[in-house]
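Presented below is the structure to which this report refers.
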Amino acid sequence: MSTTGDAPVHGDRTSDRPVVSFLCPAYKTERYLPGTIASVLAQTRKDWELVVVDNGMSDAIRDIVAAADDPRVVLVRQENAGFAGGVQAAVAAATGRNFAQLNSDDRIMPEFVERMAGLLEAHPEVDAVTCDALVLDERTNAYRRRSFHQQHGMRAKVRFSDRLTLAELIDGRVIYYTAVVRREIWDRVGGIDGLGDLPMWLRIIRSGADVRSIPDQLGVYMIRDDSLSRNPESIAAFQRFQEQAYVDGASGSDDPAVHEALARRIRRLRYYEALRDARNALLTGDAEKARHRADEALQMRTRPRSLGVAAVVRVAPHAAAGIWPLKQRVTTSGKRAVAVLRGRARPAEQESAAASPGGSPQT
């Protein structure tokens, strides 16, 4: 392990730069970080670098990184500078030819570096490569049946030969954030700032960069109830951030397809917002608001889900308020039982980095 302080120093380095520097800000993820590090150590290709930013001066995180006992694992310590500040600190300490953001509660499959970096080396015209990921539900300690791409509604076949367009990205061609990006492209667009990676990817595409995707499930994504995109207290702010990012990303484009995609994206975002509001209003006993928001969702998109919510809030709103939490508990218990029967459930702390993309779980 190499350690840096306020002024990054690069410690033990070979003359050759790593093919990938993983940028890994860590804050209150002591429970998950050992698995993240283990998954990088298990890579079949060895010329990588992992820069862990202790984004809060945690002695536990310091000790976890030290336990890796590997000069390729670099520790940067700083007061909490937020997610973007953590990534930026990792970039400042990184020496790799390419960058890959890696959340400190996620993992990668053993073939990640070999496959992803190998594609960039074989195709110098390509600026970034993205992949799919397995999805681990922390609540059930089991992989979900659908992958990251599938859970985000991607239905089109992913082919490496297809260059990602701005309209596709806005319209729902989701990017799994642990992608490999050439350093010069990352620097050109200013990297990650603000709350997340979406604005950076929109800037990358707008810059004219060549971004490709592969269908391989080389990432392992953990769904946590306290994440920004799932916590009920922050999900509304997260959605507003997403909407503004898409609006900014489309700004200035003269491509009609981009603006048509933007209109569809905003409509979908507001549809799901209305459904969430209807549900939350039911749970708090506000039947009038629940009906109003359910009607708005139904007007935006007539789907079985919106039809069902609209019917419930009219026929039995008070019963639904009690049934909804019960349904959630039953669904969670059912998923856990099915996962155990299939041999797919495994505690997150015991995840093995050797799991194959099509085999046993590992998120």
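When only residues in segment 154-177 that are basic (K, R) and assigned to a loop (DSSP other than H, G, I, E, B) count, which is most open to solvent (accessible area, probe 1.4 Å)? Give the derivation first.
Residues of segment 154-177 that are basic (K, R), as a first pass: 155, 157, 159, 163, 173.
Filter once more, keeping what is assigned to a loop (DSSP other than H, G, I, E, B): 155, 157, 159, 173.
Numbers: R155: 212, K157: 159, R159: 122, R173: 39 Å².
Ranking the qualifying residues of segment 154-177, first place goes to R155.
Quickly run through segment 139-153 and pick out the residues that are surrounded by 16 or more Cβ atoms within 10 Å (Cβ to Cβ) and at pLDDT 90 or above.
Filtering segment 139-153 down to residues surrounded by 16 or more Cβ atoms within 10 Å (Cβ to Cβ) leaves 140-144, 147-149.
Residues satisfying the conditions are A142, Y143, R144, S147, F148, H149.
Here is a list of conditions, (1) open to solvent by 20 Å² or more (accessible area, probe 1.4 Å); (2) under 22 Å from S213 (Cβ atoms), and G96 meets all of them except one; can you say which number that is?
Of the numbered conditions (1) open to solvent by 20 Å² or more (accessible area, probe 1.4 Å); (2) under 22 Å from S213 (Cβ atoms), the odd one out for G96 is (1).
Would you mention how many residues in segment 201-217 are in contact with a helix residue (DSSP H, G or I) (Cβ under 6 Å, 6 or more places away or on another chain), part of a helix (DSSP H, G or I) and open to solvent by less than 50 Å² (accessible area, probe 1.4 Å)?
Residues meeting the conditions: 3.
What are the pairs, 6+ residues apart or on separate chains, where a residue within segment 211-240 that is closer than 21 Å to E121 by Cβ and of a type in the set (K, R) has its Cβ under 6 Å from a residue that is surrounded by 15 or more Cβ atoms within 10 Å (Cβ to Cβ) and at pLDDT 80 or above?
R212/V126; R212/V129
Any residue in segment 129-150 that is assigned to a helix (DSSP H, G or I) and of a type in the set (S, T, N, Q)?
Residues of segment 129-150 assigned to a helix (DSSP H, G or I): 148-150.
Cutting the leftovers down to of a type in the set (S, T, N, Q) gives us 150.
For segment 129-150, residues assigned to a helix (DSSP H, G or I) and of a type in the set (S, T, N, Q): present.
Taking segment 25-75 on its own, how many of its residues are closer than 20 Å to M222 by Cα and part of a helix (DSSP H, G or I)?
Of the residues in that region, 11 qualify.
Restricting attention to segment 273-283, and to residues there that are in contact (Cβ under 8 Å) with a residue 24 or more places away in the chain and open to solvent by 40 Å² or more (accessible area, probe 1.4 Å), which single residue is nearest to V174 (Cα to Cα)?
E273
Does at least one position in segment 218-230 carry a residue that is modelled with pLDDT of 95 or more and over 24 Å from D162 (Cβ atoms)?
yes
Applying the selection to segment 99-138, what residues are β-branched (V, I, T) and buried (at least 23 other Cβ atoms within 10 Å of the Cβ)?
Initially, segment 99-138 is screened for residues β-branched (V, I, T), giving 108, 113, 126, 129-130, 135.
I108, V113, V129, T130, V135, listed by residue number.
Here are some residues: M109, M154. Which one is more than 24 Å from R206 (Cβ to Cβ) and in contact with a Gly (Cβ under 8 Å, 6 or more places away or on another chain)? Even if it seems obvious, please write down each step before you answer.
Numbers: M154 fails: more than 24 Å from R206 (Cβ to Cβ).
After ruling out the rest, the residue left standing is M109.
Does segment 254-267 include one or more residues that are in a loop (DSSP other than H, G, I, E, B), at pLDDT below 90 and surrounded by fewer than 19 Cβ atoms within 10 Å (Cβ to Cβ)?
Residues of segment 254-267 in a loop (DSSP other than H, G, I, E, B): 254-255.
Retained after the next criterion (residues that are at pLDDT below 90): none.
For segment 254-267, residues in a loop (DSSP other than H, G, I, E, B), at pLDDT below 90 and surrounded by fewer than 19 Cβ atoms within 10 Å (Cβ to Cβ): absent.
Which pairs do you get when a residue that is over 21 Å from V113 (Cα atoms) and modelled with pLDDT of 95 or more, found in segment 182-204, comes within reach of a residue that is assigned to a loop (DSSP other than H, G, I, E, B) and open to solvent by less than 10 Å² (accessible area, probe 1.4 Å), reach meaning Cβ atoms under 6 angstrom, with the pair 6+ apart or on two chains?
Qualifying pairs under 6 Å: M200/I192.
The values are calculated or read from the model by the stated rules, or taken from the named source; none is laboratory data. Since this is a predicted model, take the numbers as computed values, not measurements. FYI the Cβ positions are ideal-geometry reconstructions off the backbone, even for glycines, and counts take in every protein chain you see. Ligands, DNA and RNA are stripped out before the accessible areas are found, and what is left, the full protein with its side chains, is counted by its heavy atoms. Shrake-Rupley method; radii C 1.70, N 1.55, O 1.52, S 1.80 Å.
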